[in-house]
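**Q** One structure, as structure tokens, below. Some questions next.
The values are calculated or read from the model by the stated rules, or taken from the named source; none is laboratory data. Keep in mind it's a predicted model, so treat the numbers as computed, not measured. Note: ideal-geometry Cβ built from the backbone for every residue, glycine included; neighbour counts use all protein chains shown.
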Amino acid sequence: MPTQHEKISRDQERARKKQQRQMLWMGGGIVVVLVIALGVIASGVFNPPSTPQVAQAAGAATCSPVQTFPVQSRDHINPGDPHPPYSSNPPTSGWHWPNPQNWGIYTTQQFQEQLVHNLEHGGIVIQYNGLTPAEVQQLTDLVNRDSYHMILAPYPGLPAGVKVAVTAWTHLQTCTGVDANTLQAFRNTFRDKGPEFVP
């Protein structure tokens with residue numbers, strides 16, 4: 001007959017083996033859960049297709065750095081008078097008509113020689129080409145929210161690949177589409193910085 005000590009040792013051994021089996025089962029269970037989780041992640045369940053917003057962000061407009069040009073001229077010319085070519089497209093300074101254009105939003109192309117006078121008065125001119133109606137509405141809303149010394153107009157003469165150009169006196173930035181934050185930053189930096197301030 002086993003002694004009390006042997007009986008306790010057997011019970012402890014059984015308990016130890018039982019604990020080992022439990023640990024093995026738990027370890028195996030953890031491994032199975034990890035394998036399943038990795039399989040689910042790899043299958044893309046937690047990576048659903050891009051939402052329209054994400055897709056739009058991926059194709060968002062890109063803008064050039066702000067370009068600065070030397071002042072070409074501040075001379076007045078009459079409508080139809082010839083003048084040397086401007087150093088940028090759209091122009092940021094140079095020969096211009098005696099009367100600036102009225103501030104506001106236009107749906108037809110404006111004369112660059114007249115808009116240069118608006119730039120001289122510290123104005124910001126946004127011109128566009130090849131935009132969708134929704135994009136034109138974005139620009140319209142942007143200008144309507146803060147129209148002081150602002151002009152918006154289409155301009156088919158923009159360089160290839162440029163859909164939006166924003167100008168101030170001696171400054172130009174171009175974009176491949178509508179980037180409201182960039183346009184607002186340009187406006188806030190350069191508005192009323194022309195050589196003539198006209199309220």
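**Q** Yes or no: residue 157 crowded, with 18+ Cβ neighbours inside 10 Å, small (Gly, Ala, Ser) and modelled with pLDDT of 95 or more?
**A** Working: crowded, with 18+ Cβ neighbours inside 10 Å: no; small (Gly, Ala, Ser): yes; modelled with pLDDT of 95 or more: yes.
No: the conditions fail for residue 157.
**Q** Also: Report, by residue number, each residue of segment 179-199 that is of a type outside the set (Lys, Arg), buried (at least 18 other Cβ atoms within 10 Å of the Cβ) and touching a residue at least 60 places away in the same chain (Cβ under 8 Å).
**A** From segment 179-199, those of a type outside the set (Lys, Arg) are 179-186, 188-190, 192, 194-199; that's our starting set.
Keeping just the survivors that are buried (at least 18 other Cβ atoms within 10 Å of the Cβ) gives 179, 182-183, 186, 190, 194.
If the condition is that a residue be of a type outside the set (Lys, Arg), buried (at least 18 other Cβ atoms within 10 Å of the Cβ) and touching a residue at least 60 places away in the same chain (Cβ under 8 Å), then 179, 182, 186, 190, 194 are the ones that fit.
**Q** Another question, then. Which one is farthest from residue 175 (Cα to Cα), of the residues in segment 76-111 that are in contact with a strand residue (DSSP E or B) (Cβ under 9 Å, 6 or more places away or on another chain) and loosely packed, with under 10 Cβ neighbours inside 10 Å?
**A** Per the stated criteria, the residue is 102.
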